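*Asks:* Got a structure for you, questions after.
The values are calculated or read from the model by the stated rules, or taken from the named source; none is laboratory data. All values reported here derive from a predicted model rather than from experimental measurement. Note: ideal-geometry Cβ built from the backbone for every residue, glycine included; neighbour counts use all protein chains shown.
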């Protein structure tokens with residue numbers, strides 16, 4: 001009779017990082033300033049990158065990052081590891097601090113959801129920048145096409161509402177699952193799926209209007 005292989009002693013991926021995060025946040029809860037600096041140095045750049053895409057205004061990012069980390073310093077003892085990862089908790093704080101900045105600036109309600117924009121508005125937005133020329137399938141033109149698509153995709157993302165930008169960035173930029181995104185933005189997972197559907201649909205429309213039909217079909 002063959003013997004069963006012994007259970008692997010290899011640690012689960014991410015276990016060390018999770019343990020380090022837990023140690024850091026517990027030290028921060030004890031008001032350990034060195035631990036807080038380590039936490040800040042590790043997460044502030046990622047949080048800042050996310051907030052820049054959410055807010056679209058670089059001058060607002062530092063304020064939102066500082067508000068986020070101040071909330072972490074003051075409320076570190078409220079983190080519950082049984083409820084989820086530390087990074088998810090941190091991004092949830094950052095998301096809501098970012099929305100607060102938008103509200104204070106009068107931009108959150110004024111930033112009309114692209115779902116409600118009439119086609120003429122989308123056309124006018126596309127006309128403000130030069131329409132790219134069709135590129136060949138191979139060679140230097142393809143490289144230039146990649147550069148142009150990157151710029152146009154950035155422009156298209158900026159046309160989305162904060163709610164739609166956030167699900168796109170958290171999904172593709174931060175590689176978060178829908179349940180994690182739901183926890184971060186404070187809505188049910190099905191709402192996240194709905195926002196993603198509408199965000200991708202509008203991105204496809206915008207890319208198509210700029211002449212990127214293949215990229216638009218990939219988004220649909």
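*Asks:* Taking residue 166, is it surrounded by 12 or more Cβ atoms within 10 Å (Cβ to Cβ) and modelled with pLDDT under 90?
*Replies:* It is false that residue 166 is surrounded by 12 or more Cβ atoms within 10 Å (Cβ to Cβ) and modelled with pLDDT under 90.
*Asks:* Tally the residues that are part of a helix (DSSP H, G or I) and within 15 Å of residue 49 (Cβ to Cβ), restricting the search to region 159-192. Spell out how you get there, then give the answer.
*Replies:* We begin by selecting, within region 159-192, every residue part of a helix (DSSP H, G or I); these are 159, 162-173, 178-185, 189-192.
From the residues that got through so far, the ones that are within 15 Å of residue 49 (Cβ to Cβ) too are 165-166, 168-173, 184.
Number of matching residues: 9.
*Asks:* Another question, then. Name the residues in region 193-212 that are touching a helix residue (DSSP H, G or I) at 6+ places or on another chain (Cβ under 9 Å), in a helix (DSSP H, G or I) and either surrounded by fewer than 21 Cβ atoms within 10 Å (Cβ to Cβ) or at pLDDT 95 or above (or both), would you?
*Replies:* Listed by number, the residues that qualify are 193, 196, 198, 200, 201, 204, 205, 208, 209.
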